[in-house]
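What follows is a short report on a single structure.
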Amino acid sequence: MDLRTGEFTSRDFEFASGGLLPELRLRYRTLGEPRRDASGAVCNAILILHGTTGSGAQFLRSSFANELFQPGQLLDSERHFIILPDGVGHGGSSKPSDGMRLDFPRYGYRDMIRAQHLLLTEGLGIAHLRLVMGTSMGGMQTWLWGIHYSDFMDFLVPLASLPAEIAGRNRMIRKMIMDSISCDPAWRGGDYDEQPPGLINAIHLLIMMTSCPRQWQIEAPTRAAADAFLAQRIRDYANMLDANDMLYAFAASEDYNPAPDLRRIKAPLLAINSADDQVNPPELGIMEAAIRQVERGRSVLLPIDEHTRGHGTHTLAAVWKHHLAAFLAEADAEHCRPIQ
């Protein structure tokens, strides 16, 4: 795969919160080369969006890239131009931990997709996308892309997400994560010298939020194994997370509520969720009602089996890629515009 990295800077970026950043940096990775049609427009671009606290690098893991991006596969990087941005506040893009701390403007999902749109149009010269796909937070942003830039893409595939306001248990856990950080005296209003203990409390909640009871019982069948499993997860998260960045990232979902505008989505849409997803439990019945509002939308609920991993199933492409293949084939037949 021809992997390249780049950075796009948007000048005087104004956030919905009223904050202004003189220079908003967006780090991104690309695979493949842009291909142009007879008019000179890029016609093979794909945008893939990551989850909360993640980055575009997560899609380079073998469980995703080796299932989708290799020669002859669905999103073959020899035929497609794949764009993997780090969202605002995440990865190598501008974020509070770069130095501004709580002076960094508060951002929401709509700010994040507007920045992505600027990256595509101003940074990469792309006026239309073949596909927008995302996982978890990226899945939620995929719904928003379909609403706010309804003519910009051919297809939409949100994974591990629901098109509704963050409420109920989901919101409660997010609020507990944020409070674990901001209510810790060692946080010092964001001006800490070392990561505050509240970050570990927030990590505890994140682990429970994304837990996979069936698989974890298999992986940690004894008390000692469970303790070791938990300790390793905490270490992994603690080594990669910053308290202010995490606080901002979870607060960003507060402007998310696509439900009233789902009828504005024009592109064919396939929503993929897993029945063991603790973040988006199917028993809420949200998807069944919402997908009927999307004229060309459909949803798939993956049954629990030995291959699913709860919320994390979203990046195990082997589990769901056959649904993606069927969706793209049918949509291509309808549009008569497959990538050659």
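Extending each Cα 7 Å along its Cβ direction at residue 98 and residue 35, get the distance between those two points in nm, one decimal.
Output for this residue pair reads 3.5 nm.
Solvent-accessible area per residue for the stretch 48-149 at a 1.4 Å probe radius, Å²? List each step's numbers first, then the result.
Numbers: 2920 Å² over 102 residues.
Here the per-residue accessible area is 29 Å².
If you look at just the Cα atoms of the stretch 215-276, how large are its Rg and its Dmax in Å?
18.7, 52
Per residue, what volume in Å³ does the Cα convex hull of the chain take up? Don't skip to the answer; put the middle values down first.
Working: hull volume 45.7 nm³, N = 340.
Cα-based convex hull of the chain, divided per residue, equals 134 Å³.
When DSSP beta bridges are limited to those with both residues in the stretch 1-160, what percentage is antiparallel, rounded to the nearest 5? It would help to have the intermediate numbers written out before the result.
On the way: 16 of 29 bridges.
Among the beta bridges of the stretch 1-160, antiparallel pairing accounts for roughly 55 percent.
Just from its helices, what would the mean residue ellipticity at 222 nm be for the chain, if runs of 4 or more DSSP H residues each count -39500 (n - 2.57) and the sum is divided by every residue, rounded to the nearest 500 deg cm²/dmol?
Helices in the chain give a 222 nm mean residue ellipticity of -10500 deg cm²/dmol.
On alpha-carbon atoms, Rg over Rh for the stretch 198-340 using Kirkwood Rh?
Details: Rg = 18.6 Å, Rh = 18.0 Å.
With Rh from the inverse mean 1/r over Cα pairs, Rg/Rh is 1.04.
Mind checking Rg over Rh on the stretch 247-312, alpha carbons, Kirkwood formula for Rh?
Numbers: Rg = 13.7 Å, Rh = 13.5 Å.
On the Cα set of the stretch 247-312, Rg over Rh gives 1.01.
Could you work out what % of the accessible surface of the chain is carbon and sulfur, using a 1.4 angstrom probe and leaving DNA, RNA and ligands out of the count?
Details: 7480 of 14740 Å².
Carbon plus sulfur share of accessible area: 51 percent.
So what is log10(I(q)/I(0)) for the stretch 178-281 at q = 0.14, 0.17 1/Å, when the Debye sum runs over its Cα atoms only?
Summing over Cα pairs of the stretch 178-281 leads to -0.75, -0.94.
If R₀ is 25 angstrom, what is the calculated FRET efficiency for the pair residue 254 and residue 301, using the beta carbon separation as r and rounding to 0.05? Spell out each step's value before the answer.
Working: r = 27 Å, r/R0 = 1.08.
It comes to 0.40.
Could you pull out the longest piece of the chain with no exposed loop GluC sites (Glu not before Pro) in it, calling a site exposed if DSSP puts it outside H, G, I, E, B and it has at most 12 other Cβ atoms within 10 Å? Display every interim value, and only then the final one.
Working: sites that count: 194, 306.
Result, exposed sites excluded: 1-193.
Using every Cα-Cα pair within the stretch 10-57, state what percent have a distance larger than 12 Å.
Details: 845 of 1128 pairs.
Of all Cα-Cα distances in the stretch 10-57, 75 percent exceed 12 Å.
Taking K and R as +1 and D and E as -1, what net charge do the other residues with C-beta under 14 Å from the C-beta of residue 93 add up to?
On the way: positive: 25, 27, 29, 95, 114; negative: 7, 23, 86, 98, 111, 242, 245.
With Lys, Arg at +1 and Asp, Glu at -1, the net is -2.
At q = 0.13, 0.23, 0.25 Å⁻¹, what is the base-10 log of I(q)/I(0) for the stretch 87-189 according to the Debye formula with one equal point scatterer per Cα and no solvent? Please give it to two decimals.
-0.60, -1.32, -1.40
Have a look at 241, 190, 204 and report the one farthest towards the positive end of the charge dipole of the stretch 169-267, computed about the Cα centre with Cβ charges (Lys/Arg +1, Asp/Glu -1).
204
Determine the dipole magnitude for the chain: charges of +1 sit on the beta-carbon of Lys and Arg, -1 on that of Asp and Glu, nothing else is charged, the reference point is the Cα centre, and the result goes in debye to the nearest 20. Could you put the intermediate results ahead of the total?
Numbers: 33 positive and 41 negative charges, 70 e Å.
Here the size comes out at about 340 debye.
For the chain, give me the percentage of DSSP beta bridges that are antiparallel, rounded to the nearest 5 percent. Intermediate values should be presented prior to the final figure.
Working: 16 of 38 bridges.
Once the DSSP bridges in the chain are tallied, antiparallel ones form about 40 percent.
Using the Kirkwood radius over C-alpha pairs as Rh, can you work out the diffusion coefficient of the stretch 1-154 via Stokes-Einstein at 20 °C, viscosity 1.002 mPa s, in µm² per second?
Numbers: Rh = 15.8 Å.
So the translational diffusion coefficient is about 136 µm²/s.
Could you list, bin by bin from short to long, the percent of Cα-Cα pairs of the stretch 130-191 in 10 Å steps?
It works out to 20, 33, 23, 18, 5, in whole percents.
Mind jotting down the distance between the C-alpha centroids of the stretch 248-272 and the stretch 74-120, whole Å?
Result: 17 Å between the Cα centres.
Put a dot 7 Å past each Cα toward the Cβ at residue 186 and residue 284; how far apart are the dots in nm?
Calculated label separation equals 3.2 nm.
Which residue, 325, 257, 284, has the largest displacement toward the positive end of the dipole of the stretch 226-326 when charges sit on each Cβ (Lys, Arg +1; Asp, Glu -1)?
Result: 325.
The values are calculated or read from the model by the stated rules, or taken from the named source; none is laboratory data. Given the structure is predicted, the values throughout are model-derived calculations rather than measurements. Ideal geometry is used to build each Cβ from the backbone, glycine not excepted, and the neighbour counts take in all protein chains shown. SASA here: full protein model, heavy atoms, side chains in, ligands and nucleic acids out. Shrake-Rupley method; radii C 1.70, N 1.55, O 1.52, S 1.80 Å.
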